[in-house]
Amino acid sequence: MNFAGKLGCAAVLACFIGPVGAFALQDQAPAPGQADAAKKPETRMTPAQAKELFASVDSIMKFASDDTKLPIKSKVKRRLTSRDAVEKYLFDKMKNDKDSKRMQRSEIVLKKFGMLDEDFHLQPFLISLLKEQIAGYYDSKTKTVNLLDWIEPDSQKPVLAHELTHALQDQHVDLEKWEDPSSDSIARNVNEDNQHISTDEQGTAREAVLEGQAMAVLVDYSLKPNGQSILTNPDVVKQRADEQGADSDSPVLSRAPLVLEESLLFPYREGLKFEVDLLKDRGADAAFAGAIDRPPSTSLEIMDPKVYERQAKLPLLKMPDVHAILDADYDPYDVGVMGALDVRMLTELFAGPQTAQALAPAWNGGIYYVAQKKSAPDKNLTSSIGLVYLSQWKTPEAAAAFAKLYADALGKQYSHVMRDTASETDPSEMIFNTNEGPMFIATSGTAVFVSESFDLAVARKLQFLMLGAQQGQTDGQSVASAAPAQDLTGSMVYFMANCGVMKVALRR
């Protein structure tokens, strides 16, 4: 269900490049008048500036090729575009992009999990955020790098280093095929359910590779005038990445829910740290062409590059056939993985960053299934869906801690939450009545089962099936080889990532 994405280039770039692309490995105070400069009224690029910027494309492309060892196979088209044209591009993507459609369907599930407020409206917020932030983009469909006529050339050159890396990646592997999620179709049987699960985080992981590589080139481009590179001091680069977040000059981003901000930042922040580790451990060939040719498949590999480097087998749970129980009264709605990133966001949202930092590393796999009532009068409300979620943990203590955390946060998701101890059959269960029906939470060793809004008889049947399906499973099921599907938050990651680099990435 990873939600991370390409809109966020900006948010991460902010820590690395100054107003003219300067980057240093030591801390620097803002230059005199720098804060005021950010408030200057918008101006249009002059013809002479545009000519100079266009001329720089080829030299920056060569730098990116030398840095990545990815060869230049063809000249990249370039285009100067207006704010009106960019806004049309964004609206068209929101209207027609299949990830946008999946993302809109995911919105109700995120609300059911408590990761978005019930009254939050995702689509208009994203349009406002994109309009505020976009600073340039490479279009893999037209093979064109788009430059913006209202941003001065010196500020766009580091962005060019980033976006031209995408052009090199495209020439290496054809991004339209490599990163494109398989479809936005709904899984309607157990085989399709498990196919979704087996590939569910691939899209998120691949976006982190693409953006991490582009960020690495941007950092190296910004460091070059100082005679430095990422490898001069890799730990400082990773520290800078960890400092990313919204700032006061990004009013829309500063209002973004945690899940949206973290999803936006993930490919750039964690992707850059992933690349730094690969560069340090394996060199440029492994960090660039190698990571594209053998991409990671989960957010866990991005967050812990040693798992990727060891080619370790990863936790993957199996979805049982729930259709015989549910399909008479419910339509299939969504199925997917709750990955390492999702769990980190969920625990931070429910219990704060310190708890997330302590508990999330104990995660060992998770899947969810959502069905929608056929009789629901309003299918845009969270009350129209039922949700089951099975998570695995490395120890029984971690499982018990997560179950308690989830139960304690129910008041953020529902109203009229009341414990129903009379319906609990043993101490491993917690049952609550809410305004949207029963909440059932049960621990079983290292597993935590959650059912939301299904009646208790159905919830217990689903618990039996989901726990039973894991018997005999190993922690290291191999991930099926297939076109990457998108998990719940992954559709957000992919959609935003394909909208371009954002101005919040440009450090004031």
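The values are calculated or read from the model by the stated rules, or taken from the named source; none is laboratory data. Please read all numbers here as calculations on a predicted model, not as lab measurements. Here the Cβ positions follow ideal geometry from the backbone for every residue, glycine too, while neighbour counts run over all protein chains shown.
Scan region 200-211 and give yes if some residue there is in a helix (DSSP H, G or I), more than 16 Å from VAL173 (Cβ to Cβ) and aliphatic (A, V, I, L, M), otherwise no.
Looking for residues that are in a helix (DSSP H, G or I), more than 16 Å from VAL173 (Cβ to Cβ) and aliphatic (A, V, I, L, M), one finds none in region 200-211, hence no.
Answer yes or no: is there a residue in region 460-478 that is closer than 30 Å to LYS143 by Cα and modelled with pLDDT under 65.
no
Which pairs do you get when a residue that is basic (Lys, Arg), found in region 223-242, comes within reach of a residue that is surrounded by 18 or more Cβ atoms within 10 Å (Cβ to Cβ) and part of a helix (DSSP H, G or I), reach meaning Cβ atoms under 6 angstrom, with the pair 6+ apart or on two chains?
Partner pairs satisfying both residue conditions: LYS238/LYS273; LYS238/VAL276.
Could you grab me the full set of residues in region 292-348 that are in contact with an Asp or Glu (Cβ under 6 Å, 6 or more places away or on another chain), of a type in the set (Gly, Ala, Ser) and under 15 Å from ARG206 (Cα atoms)?
Answer for region 292-348, where residues must be in contact with an Asp or Glu (Cβ under 6 Å, 6 or more places away or on another chain), of a type in the set (Gly, Ala, Ser) and under 15 Å from ARG206 (Cα atoms): SER299, GLY339.
Of all residues in region 424-452 being more than 22 Å from ILE385 (Cα to Cα) and of a type in the set (Gly, Ala, Ser), which is surrounded by the fewest Cβ atoms within 10 Å (Cβ to Cβ)?
So, considering only residues that are more than 22 Å from ILE385 (Cα to Cα) and of a type in the set (Gly, Ala, Ser), the one surrounded by the fewest Cβ atoms within 10 Å (Cβ to Cβ) is GLY445.
Could you pull out the residue among ARG188, ARG240 that is touching a Cys at 6+ places or on another chain (Cβ under 8 Å) and surrounded by fewer than 23 Cβ atoms within 10 Å (Cβ to Cβ)?
Going through ARG188, ARG240 in turn, the sole match is ARG240.
Based on what the data block shows, is GLU262 buried (at least 23 other Cβ atoms within 10 Å of the Cβ), more than 23 Å from LEU160 (Cα to Cα) and of a type outside the set (Ser, Thr, Tyr)?
It is true that GLU262 is buried (at least 23 other Cβ atoms within 10 Å of the Cβ), more than 23 Å from LEU160 (Cα to Cα) and of a type outside the set (Ser, Thr, Tyr).
Please state which of the following conditions ASP342 fails to meet, knowing it meets all the rest: (1) over 15 Å from LEU110 (Cα atoms); (2) within 25 Å of the chain's Cα centre (by Cα); (3) acidic (Asp, Glu).
Just one mismatch for ASP342, condition (1).
Scan region 141-166 and report the pairs whose first residue is at positive phi and whose second residue is basic (Lys, Arg), with Cβ atoms within less than 7 Å and a gap of 6+ or a chain change.
LYS143/LYS77
Give me the pairs, please: first residue somewhere in region 435-454 and within 17 Å of LYS318 (Cα to Cα), second residue anywhere and among the hydroxyl-bearing types (Ser, Thr, Tyr) and in a loop (DSSP other than H, G, I, E, B), beta-carbon distance under 9 Å, and either six or more positions apart or on two chains.
Pairs found: SER444/SER428; THR446/THR395.
Here are the criteria: (1) acidic (Asp, Glu); (2) in a helix (DSSP H, G or I); (3) over 21 Å from PRO353 (Cβ atoms). Tell me which single one GLU262 does not satisfy.
(3)
Is at least one residue of region 280-289 of a type in the set (A, V, I, L, M) and either over 29 Å from HIS172 (Cβ atoms) or in the same structural domain as PHE350 (by TED's automatic domain parsing) (or both)?
no
Kindly indicate which of ALA241, ALA216 is modelled with pLDDT of 95 or more and part of a helix (DSSP H, G or I).
Exactly one of ALA241, ALA216 is modelled with pLDDT of 95 or more and part of a helix (DSSP H, G or I), namely ALA216.
Mind listing whichever residues of region 96-125 are within 30 Å of ALA50 (Cβ to Cβ) and in a helix (DSSP H, G or I)?
Selection gives ASN96 alone.
Please list, ordered by first then second residue, the pairs with beta carbon atoms under 6 Å, 6 or more apart or interchain, first in region 108-126 and assigned by TED's automatic domain parsing to the domain that holds THR347, second in a loop (DSSP other than H, G, I, E, B) and surrounded by 15 or more Cβ atoms within 10 Å (Cβ to Cβ).
Pairs that qualify, where the first residue is assigned by TED's automatic domain parsing to the domain that holds THR347 and the partner is in a loop (DSSP other than H, G, I, E, B) and surrounded by 15 or more Cβ atoms within 10 Å (Cβ to Cβ): there are none.
May I ask you to list pairs of residues, at least six apart or on different chains, whose Cβ atoms are under 8 Å apart, with the first in region 71-94 being touching a residue at least 40 places away in the same chain (Cβ under 8 Å) and over 10 Å from ASN146 (Cβ atoms) and the second being assigned to a helix (DSSP H, G or I) and charged (D, E, K, R)?
Final answer for the pair search is ILE72/LYS62; GLU87/LYS131; LEU90/LYS131.
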